[in-house]
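The values are calculated or read from the model by the stated rules, or taken from the named source; none is laboratory data. Being a predicted model, the structure only gives us computed values, none of them experimental. Here the Cβ is made from the backbone with ideal geometry for all residues, glycine too, and neighbour counts use every protein chain on show. The accessibility values were calculated without ligands, DNA or RNA, using every heavy atom of the protein model including side chains. Shrake-Rupley method; radii C 1.70, N 1.55, O 1.52, S 1.80 Å.
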Amino acid sequence: MTTVEQRAGLCPVTHFDYSPIRPVGAYRAKAQELRDDGAPLWVNTQSQGFWMVSDPELVKEVYMNYELFRVDSVTAVDPELDPSQFLVPLNINPPDHQKFRSLLNPWFSPPSVAKREAVMRENLRNLVSGFAGLGRVEAAREYAAKVPVLNLLSFANMPINLAERLIDLVDAFMAGFSGAECPVGEDGIRPGMTSATDEINALMGSVIEDRRQNPLNPDMDLFTNLVQAEVDGRPLTNEELTGIGLIYVVGGMETTRAQLGWLMYHMARFPEDRRRVLADPTLLTSAIEECIRYYTVIWGVGRKVGFDTPWHGADLRKGDMVYALNSVFNCDTRRFANADSFILDRKPGPNLSFGRGPHSCIGMHLARTQLRLAFEEWHRQIPEYNIEDGAELFERGSEITIQSLPLVWQPA
């Protein structure tokens, strides 16, 4: 037995692997099962063993008690973070976290995102125009994945032809990040994730060096701004800059990709909701918020225990990993009436899809804007569509991403 299992006490034990590809809806069903069981803490025997937090109030506490629950690693199945996979500022604990976040906040604020809306809209309109006449598209990759990568490349003044490669690299990174990659070497290294990380780091390193040698307008180019910025009176190191570059690519792409996939899935599967929004565009904001709640993308978050302490019946030890389930919080029947129903015009309430506390998602305004624009620009050209008959749909675990979404329509 693992150390965590031996210290489980009265906590129930589960052997649930939250990383594999499963049929669409499987992870939401598992969240409902854990919610209805009522146990606040579990011991999961996967990997090295870790605590799994399923009580919504305790999930929130994991986010807010950042002294106990640290971000030295945020992957429950991988306590020892490879330095090359260090994400800045995600893997930096307070108070140092804020020093780096303050450099990035202006670039992802609502006014900054609004300034980029015209570029995003043009990117998306051109993307849809490329396949609108075909009558079919694999929307998970050719739309949901390309929307954020095209926008992120535009914002960073990077070549658009990198899009396809970055999608593949982020897929490989996320397979290892979620613990799904197999096999893992005896040294604990996940070779696919490591290779993808190395390539992304090399790419962003070249961008950073280019901005040093050939700076652009620092008010218009994020990485020019960052190479000229200071923390504690000194320039950022190459490792810090590369860590920002890594999260810019991985974090900026993956969650928006996943959420847009679910938005398109829902609107294809439930055309009555789609037609209501098209008839009354004022419903789009609440529809997006409900999609963010109902189709929870980040199933749970990992944190590393900072010191020995008893915690709600668990004997936590420094170095233990905990996994707090956003998915259970977001389907909590005490917070959301008819929590298991998608209610198009639900009045939005606080959920954990963008996290909570000092490490809440810095890109939440950008993500919401991309979802809105992606809906508008798709439906401007393709208002009626369906999921292709006979399609088998699957989702990947950890960050719950729909893997394939073949959509069909009658071309104009």
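Compute the length gained on full extension between R317 and M220: take 0.36 nm times their separation in residues and subtract their Cα-Cα distance, giving the result in nm to one decimal.
Length gained, R317 through M220: 30.3 nm.
Ranked highest first by the average count of other Cβ atoms within 10 Å around their residues, in what order do 61-68, 76-83 fall?
Packing proxy ranking, top to bottom: 76-83, 61-68.
For the pair A39 and M64, how long in nm is the line joining their label points, each one 7 Å along Cα→Cβ?
Modelled inter-label distance: 2.6 nm.
Using a probe radius of 1.4 Å on heavy atoms only, what accessible surface per residue do you get for segment 211-298? Whole Å² is fine.
Using a 1.4 Å probe on heavy atoms only, each residue of segment 211-298 averages 39 Å².
How much length would be gained if the chain were fully extended between T237 and N157, taking 0.36 nm per residue of separation minus their Cα-Cα distance, in nm to one decimal?
26.7 nm
Mean 1/r over all different Cα pairs, inverted: what Kirkwood radius does segment 167-285 give, in Å?
In segment 167-285 this quantity evaluates to 17.3 Å.
Taking all protein chains as present, what is the carbon and sulfur share of the accessible area of the chain, in % to the nearest whole number, probe 1.4 Å?
Whole-percent figure for carbon plus sulfur exposure: 53.
What residues of segment 378-402 lie in the reach of a label at A26, counting those whose backbone N is under 15 Å from a point 7 Å from the Cα along Cα→Cβ?
Output list for this probe position: 392-402.
In square angstrom, what is the accessible area per residue of segment 1-103 with a 1.4 angstrom probe?
I get 43 Å² per residue for segment 1-103.
Taking a ≥ b ≥ c as the square roots of the Cα gyration tensor eigenvalues, with a/c under 1.5 meaning rounded and otherwise prolate when a/b beats b/c, else oblate, which class fits segment 31-79?
It comes out oblate by the Cα gyration axes.
Using only Cα positions of the chain, each an equal point scatterer, no hydration layer, compute I(q)/I(0) via Debye at q = 0.13 Å⁻¹ and quote the log10 values to two decimals.
The computed values of log10 I(q)/I(0) come out as -1.18.
Set the Förster radius R0 to 22 Å, insert the Cβ-Cβ distance between I387 and K347 as r into 1/(1 + (r/R0)^6), and round the FRET efficiency to 0.05.
Computed FRET efficiency for I387 and K347: 0.15.
If you add up the charges near S327, with Lys and Arg at +1 and Asp and Glu at -1, over every other residue whose beta carbon is less than 9 angstrom from its beta carbon, what do you get?
Neighbour charge sum, excluding S327 itself: +3.
So which of K30/K304; K146/K304; K30/K60; K99/K347 end up more than 28 Å apart by C-alpha?
Beyond 28 Å: K146/K304; K99/K347.
Based on the mean of other Cβ atoms within 10 Å per residue, sort peptides 258-270, 214-226 so the most packed one is first.
The packing order, highest mean first, is 258-270, 214-226.
Distance from the Cα centre of segment 89-131 to that of segment 369-412, in angstrom?
Each part's Cα centre sits 23 Å from the other's.
Can you give me the solvent accessible area of W311 with a 1.4 Å probe, rounded to the nearest 10 Å²?
10 Å²
First measure r as the distance between the Cβ atoms of T285 and S112, then evaluate 1/(1 + (r/R0)^6) with R0 = 22 Å and state the FRET efficiency to the nearest 0.05.
0.65
Would you mind estimating how fast segment 1-110 diffuses translationally, via Stokes-Einstein at 10 °C and 1.306 mPa s with the Kirkwood radius over Cα pairs, in µm²/s?
The estimated diffusion coefficient comes to 97 µm²/s.
With every protein chain kept in place and ligands, DNA and RNA left out, what is the accessible area per residue of segment 327-412? Probe 1.4 Å, answer in Å².
43 Å²
Tell me, in nm to one decimal, what length is gained between R212 and E199 on full extension, where the rule is 0.36 nm per residue of separation less the Cα-Cα distance?
Residue separation times 0.36 nm, minus the Cα-Cα distance, leaves 2.7 nm.
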